[in-house]
Amino acid sequence: MDKKHGVWVIWVGSLAMILLGSGWVATVGHVVFWFTLVAHIVECFMNLGLFRRAGGSMANHIVQTLIYGLFHWKPIKDGLESEES
């Protein structure tokens with residue numbers, strides 16, 4: 001299984017906890033969901049320069065980073081670094 005698919009476990013799992021759980025389970029679901037979203041938003045801003053250098057659709061880079069986080073931008077960074085050396 002692709003590493004990116006593991007991120008869906010976090011997204012779907014946290015939403016399931018929010019929608020199907022109650023009490024502390026729903027609270028944990030909210031914390032995991034919002035923490036993941038905020039972390040991926042920060043990653044988007046930190047990597048805007050990388051996305052510009054990589055080319056392609058900026059909207060695609062942002063959406064992919066919001067969903068997959070480092071599993072989207074890390075291979076791009078590694079690819080650009082290997083091209084430069």
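Read-outs throughout are calculated quantities, based only on the coordinates presented, and are distinct from any laboratory measurement. Remember, it's a predicted structure, so these values are computed and weren't measured experimentally. Cβ coordinates were reconstructed from backbone atoms using ideal geometry, including for glycine residues, and neighbour counts include every protein chain displayed.
For the chain, what is the relative contact order in percent, using Cα pairs closer than 8 Å and at least 6 residues apart in sequence? Once normalised by length, the contact order is 26 percent. Were the residues from residue 19 through residue 54 laid out at 0.36 nm apart, the gain over their Cα-Cα distance would be 8.8 nm.
Between residue 8 and residue 84, what's the calculated FRET efficiency when r is the beta-carbon distance and R0 is 41 Å? Round to 0.05. That gives a FRET efficiency of 0.80.
All distinct Cα pairs of the chain go into the 1/r average, and the inverse of that average, the Kirkwood radius, is 14.0 Å.
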